[in-house]
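Report on the structure given below.
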Amino acid sequence: MLRCVQLSSVIGGLVLIQFASGIGARVANTSLTVPEVPETFGYQLENALPGLSFSQPVAVVARPGDDGSLFVVERSGIIYIVPDVSSPTKSVFLDISSIVDSNQGEEGLLALAFHPDWTVNGYFFVHYTTNATTTAGSGRHGRISRFEIDPGNSNIALSASEQPLISQYDQDWNHNGGELKFGPDGYLYASLGDEGGSGDNRNNSRFINKDFFSAIARLDVDKLPGSLEPNPHPSVHLDGGGLAYYSVPPDNPFIEATSFNGQTIIDPATVRTEFWAAGLRNPWRFSFDSATGLLYCADVGQNAYEEVNIIEKGGDYGWRLREGFHPYNGYTVPAGVLLEDPILEYPQSSGFSILGGIAEGKSVTGGVVYRGNRISQVEGFYVFADYVRNRLFALSYDPSSETVDDFQQLATVSNPVSFGIDPSNDDVLIVSLSGTIYRLLYSGTPISGEPLPTSLSATGAFGDLTSLTPEAGIEPYSINVPFWSDHAIKSRWFSVPDLTDAIGFEPSENWSFPDGTVWIKHFEMEMVEGDPSSSRRLETRFIVKNAEGVHGFTYKWNASETDAFLVDEEGEDELLTILDSEGGISRTQTWRYPSRSECLQCHTSVGGYALGFNTRQLNGDYDYGAGALNQIGALDSVGYFDTSPGDPGLLDELYSGSHASATAEDKARSYLEANCVQCHQPGGPSQGSWDARTLTDLSTAGIVDGELVNNQGDPDNRVIAPGDLTHSMILERISTRGSQQMPPLGSNELDQEGITIISNWISSLGV
């Protein structure tokens, strides 16, 4: 039986039942019909490109910044472009079948990656097998090459523009790895198998100073300043001046290495400095999580276990000492050798139970992390598959605990060989070697949970929608530093419906909340700037705590403002025209009604689920109707906390930009915590390593002079460069809207006050 949550009675922010203290007595809620656990559905697959068929497709790829096109890679050596996913047709983008060796199953054209700046330089890269002759041998070679797009037609490649970077002599047809991806740092990553055969019979996996096998490589294809020339090797193509067509990033882990995890007395001049990680058998597909930057890689097992790894800089993933967690072929791990554990393994026989799901297979296919808006139940999950057993899986990985906390089988699919992302809506695409590109969808049949009310009036939240008078059992609240919401005016309430439940108070860390706790936030916009009478109701959002975390949803108000209706799973955009006080057009802005998965991207576990509902944000005054009271003291007085907070004057707080006595640093760090802490802190889903929490000492927060994941090719760029506005990337990211903006969700308008706060702090650091 699912418990439903309810709200309480407030008019215009004033509690109806008042004590002399000004805050109403705590009241149980009995009216709201919002479920703790929302309705969930099964999954199904549909043809993502109806009417089109392909011959042994092995990859589906999108170009950065191109949200309409897809590219389908066929093993034979042909790449097709589908210019419009919504009305699919195909034409040949590149045909190199005459030079691709695809005679045996794991050979052929295997991967495609577009340069992040392809619109400027026209570059893209492919990984394929071919017959060639190098000083290492004659016959099969694995090749990574650069091609160019026709400058007059971006839908056609120039087949004569090939520039090989690496051609590696390969004595076996299998275990080619073959994936290519550009990372969030702008470098090209490539997966390389152990050459083939069985049991690493070519003896490649335990070395970093032999050939280009059993690893993931990281290349600087732009040859940026500071990058290094690779060590000599027969596989590396050289220009007329004797230089390679790529460089080695200066922070690659094996530069100047003289040993490797038990292998000693290495000549640094022989090391494959291109390697980022080693000890892999057949890394068949890897991908970067667009939100966290984590590199997920599936490594195909030998005879017993399949595995999924998070690839770390300099990591040794154990082949051929181990298969998954287990010794391979009687080998033992020598003393002093440190191996990276997989995050998940599953056996090739006799189904294995993982967190209640059954995994079994014979050849893992690496997938993608879902960050779309249409299936919130798997938002943030790594979706992958098994090629032989035709199973489609999903796992949820918690980087803070380094554990998988959820695993499930979603569906079955024939011969899943690769994954991609639909650039138009972020759907997961699955490539079947049998010829179809599938799309992952919900089925129409609910399998658990309870449906969400379809209208705000049906939630039982408000007794009177005209005056927004909530039902009994809720309290209003405000926060010291609101999250920027594109000029919107916001009202907030919360409810802990059961009187036997209490909030777990913490003076510095996140509070804890009983299941069934609800937060409601209402948004309005002045359609004439500065005129409160012109305010229009936009939406009313809900966040509900349950045993799994939280779930969120929103209701969009109708034009007459008589009711609001449930926004679809994927969210919705609306164009607003805002007038200035003189009646002229001031701006046109896009208002985003969030998808349910977008709610989860912001309301993270490390952020405390309820953003802004913590000590530093609520340690301020609120007028409950009989004069201003400190909110923490008021909530304590009526029994909301499991332990008394004591004197609020001894607790920390955040400072708004208008605070009279706060310093520039106080205001800036308060702004960063309010807007960034849900991602930027230890264990958070951010790609950067700086800590937005004000409780962290500035000297250890990684903010001032902090290193960046991607310095944009400029070594002077920092998280915050003291006294230097140009090279402070936090300022850069909050001063732009688009794919590089921060925060990444929830805003289409610049926060000018926030820009000023951060700019003033940066300038003060240079004094």
Q. Quick check: anything in the range 190-197 farther than 21 Å from Leu295 by Cβ and among the polar types (S, T, N, Q)?
A. no
Q: Hey, can you tell me all the residues within the range 547-593 that are farther than 21 Å from Arg737 by Cβ, among the β-branched types (Val, Ile, Thr) and open to solvent by 30 Å² or more (accessible area, probe 1.4 Å)?
A: Thr562
Q. How about the range 275-331: which of its residues are touching a His at 6+ places or on another chain (Cβ under 9 Å) and modelled with pLDDT under 95?
A. Ala304, Tyr305
Q: Being open to solvent by 10 Å² or more (accessible area, probe 1.4 Å), outside any loop (DSSP other than H, G, I, E, B) and of a type in the set (A, V, I, L, M) narrows it down to one of Ala269, Ala257, so name that one.
A: Ala269
Q. Do any residues in the range 360-375 that are in contact (Cβ under 8 Å) with a residue 12 or more places away in the chain and surrounded by fewer than 20 Cβ atoms within 10 Å (Cβ to Cβ) have Cβ atoms under 9 Å from those of residues that are charged (D, E, K, R) and assigned to a strand (DSSP E or B), where the two are at least six apart or on different chains, and which pairs are they?
A. Glu360/Asp386; Glu360/Arg391; Lys362/Glu306; Lys362/Asp386; Ser363/Glu306; Ser363/Asp386
Q.
Here is a check on your reading of the model: is Ala662 in a helix (DSSP H, G or I), of a type in the set (A, V, I, L, M) and in contact with a Phe, Trp or Tyr (Cβ under 7 Å, 6 or more places away or on another chain)?
A. no
Q) Can you name every residue in the range 197-220 that is touching a residue at least 60 places away in the same chain (Cβ under 8 Å), buried (at least 22 other Cβ atoms within 10 Å of the Cβ), not in a strand (DSSP E or B) and not charged (D, E, K, R)? A) Ser205, Ile208, Phe212, Ser214
Q. Could you list, in sequence order, the residues of the range 599-613 that are on the phi < 0 side of the Ramachandran plot and open to solvent by 20 Å² or more (accessible area, probe 1.4 Å)?
A. Leu600, Gln601, Cys602, His603, Ser605, Val606, Leu611
(Q) Restricting to the range 411-429, give me the number of residues that are assigned to a strand (DSSP E or B) and closer than 11 Å to Tyr387 by Cα. (A) 4
Q) Between residues in the range 20-38 that are farther than 20 Å from Ile543 by Cα and of a type in the set (Phe, Trp, Tyr) and residues that are modelled with pLDDT of 95 or more and open to solvent by 30 Å² or more (accessible area, probe 1.4 Å), which pairs lie under 8 Å by C-beta distance while being six or more apart or on different chains? A) none
**Q.** Hits in the range 510-525 - residues which are over 19 Å from Gly746 (Cβ atoms) and either without any contact (Cβ under 8 Å) to a residue 12 or more places away in the chain or assigned to a strand (DSSP E or B) (or both)
**A.** Ser512, Val518
Q: Any chance you could count how many residues in the range 221-245 are outside any loop (DSSP other than H, G, I, E, B) and farther than 19 Å from Gly142 by Cα?
A: 1
Q: Taking only the range 71-113 into account, find how many residues are under 24 Å from Asn425 (Cβ atoms) and open to solvent by 10 Å² or more (accessible area, probe 1.4 Å).
A: 10
Q) Looking at Ser457, Ser495, which is the one that is out of contact with any strand residue (DSSP E or B) (no Cβ under 7 Å at 6 or more places or on another chain) and closer than 15 Å to Phe542 by Cβ? A) Ser457
(Q) For the structure I just gave you, tell me whether Ile474 is open to solvent by less than 40 Å² (accessible area, probe 1.4 Å) and either farther than 24 Å from Ala668 by Cβ or among the polar types (S, T, N, Q) (or both). (A) yes
Q: Check whether at least one residue in the range 410-423 is touching a helix residue (DSSP H, G or I) at 6+ places or on another chain (Cβ under 6 Å) and either open to solvent by less than 30 Å² (accessible area, probe 1.4 Å) or over 18 Å from Gly361 (Cα atoms) (or both), and report yes or no.
A: no
Q | Failed criterion for Gly684 (all others in (1) among the small types (Gly, Ala, Ser); (2) open to solvent by less than 40 Å² (accessible area, probe 1.4 Å); (3) within 20 Å of the chain's Cα centre (by Cα); (4) farther than 20 Å from Asn510 by Cβ hold) | A | (4)
Q | Only listed residue being of a type in the set (S, T, N, Q) and in contact with an Asp or Glu (Cβ under 6 Å, 6 or more places away or on another chain), chosen from Ser424, Ser376, Ser418 | A | Ser424
Q) Of (1) under 27 Å from Pro283 (Cβ atoms); (2) open to solvent by 50 Å² or more (accessible area, probe 1.4 Å); (3) modelled with pLDDT under 95, Pro116 satisfies all except one. Which? A) (3)
(Q) Let me spell it out: the conditions are (1) at pLDDT below 95; (2) crowded, with 21+ Cβ neighbours inside 10 Å, and Arg140 meets all of them except one. Which number is the exception? (A) (1)
(Q) Condition (residue is assigned to a strand (DSSP E or B), in contact (Cβ under 8 Å) with a residue 40 or more places away in the chain and open to solvent by 10 Å² or more (accessible area, probe 1.4 Å)) applied to the range 384-397: is it met by at least one residue? (A) yes
Q: Within the range 584-613, count every residue that is among the polar types (S, T, N, Q) and under 21 Å from Gly684 (Cβ atoms).
A: 5
**Q.** Residue, least open to solvent (accessible area, probe 1.4 Å), within the range 614-647, restricted to residues that are hydroxyl-bearing (Ser, Thr, Tyr) and assigned to a helix (DSSP H, G or I)
**A.** Thr615
Q. Can you tell me which residues in the range 169-179 are surrounded by 24 or more Cβ atoms within 10 Å (Cβ to Cβ) and assigned to a strand (DSSP E or B)?
A. none
Q: Report yes if some residue within the range 121-143 is touching a strand residue (DSSP E or B) at 6+ places or on another chain (Cβ under 8 Å), assigned to a loop (DSSP other than H, G, I, E, B) and closer than 21 Å to Phe182 by Cα; otherwise report no.
A: yes
Q: Go over the candidates Trp493, Trp484 one by one and state the one that is surrounded by 19 or more Cβ atoms within 10 Å (Cβ to Cβ) and more than 19 Å from Thr615 (Cα to Cα).
A: Trp484
Q) Considering only residues of the range 721-763 that are within 20 Å of Pro594 (Cβ to Cβ) and of a type in the set (A, V, I, L, M), which is most open to solvent (accessible area, probe 1.4 Å)? A) Leu750
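The values are calculated or read from the model by the stated rules, or taken from the named source; none is laboratory data. Small disclaimer: the values here were computed from a predicted structure and weren't measured. So basically every Cβ, Gly included, is an ideal-geometry build from the backbone, and we count neighbours across all protein chains shown. In case anyone asks, the SASA skips ligands and DNA or RNA and just uses the protein heavy atoms, side chains included. Shrake-Rupley method; radii C 1.70, N 1.55, O 1.52, S 1.80 Å.
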